[in-house]
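The values are calculated or read from the model by the stated rules, or taken from the named source; none is laboratory data. Computed from a predicted structure; not experimentally measured. Cβ: placed from backbone, ideal geometry, glycine included. Neighbour counts: every protein chain shown. These area figures cover heavy atoms from the full protein model, side chains too; ligands, DNA and RNA do not enter into them. Shrake-Rupley method; radii C 1.70, N 1.55, O 1.52, S 1.80 Å.
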Amino acid sequence: MYVHVDKSKRNVLSPSMHSSNKKQNTEPKPMQRMAGLAGLFGLEQWVPIGAPNPTRADFQNLLHDGRINADQLMAVIPTGLQNTFDIGPRAQRGFRFEWGDWHVHGHEADTGAQAGHVGGAGWVVRIRNGNQWLLSEPLVSVHPDDHVNYFAPRNWAPANGPFAREHSHIPLDFA
């Protein structure tokens, strides 16, 4: 609709253009994800094509020199899962898949990571089964074999110590 404006009467609105006196809702509305943003933020890039019940061994076998190939990872995660990655201020691109006791979460370099942390150097993934995280390097006991607190080297551990926290962030390779 066009309204004729008489230049001699500036700042005068036609009756149809007057705003109502009703109080406008000023509460913030939740941000809605738009379909076009999926491609912009790489959410469509991550499409799982794996079998329904992967095992710890399936994920552990992906490790090569402490790294995981992104295509091989998508081939282990069950087909049909939705990427529920939350775009945030520190990483805008990534993926998150959850099913049963499994949680697989990856993202681009974290702009808020501490200097020298693997999470700030490039793409990483964290793979959790229950309360155990897959580690990029085996956790090795500091005790000798015959000590009561000795444990065999393992690639799965709770991420509650500095070694496990650091090594549960596994660098991703793109072929």
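Selection within region 49-65: residues that are open to solvent by less than 80 Å² (accessible area, probe 1.4 Å) and modelled with pLDDT under 95. The member of this set that is farthest from residue 126 (Cα to Cα) is 51.
Can you pull out every residue in region 66-101 that is in contact (Cβ under 8 Å) with a residue 40 or more places away in the chain and touching a strand residue (DSSP E or B) at 6+ places or on another chain (Cβ under 6 Å)? Of everything in region 66-101, those that are in contact (Cβ under 8 Å) with a residue 40 or more places away in the chain and touching a strand residue (DSSP E or B) at 6+ places or on another chain (Cβ under 6 Å) turn out to be 66, 67, 68, 69, 70, 83, 85, 94, 95, 97. For residue 75, the criteria (1) over 19 Å from residue 56 (Cα atoms); (2) surrounded by 14 or more Cβ atoms within 10 Å (Cβ to Cβ); (3) not hydroxyl-bearing (Ser, Thr, Tyr) hold in every case but one, which is (1). Among the residues making up region 145-175, those that are free of Cβ contacts under 8 Å to residues at least 24 places away in the same chain and of a type outside the set (Lys, Arg) are 145, 146, 147, 148, 149, 150, 151, 152, 153, 160, 161, 162.
Each residue in region 109-144 was checked for being farther than 15 Å from residue 66 by Cβ and in contact (Cβ under 8 Å) with a residue 24 or more places away in the chain, and 5 of them qualify.
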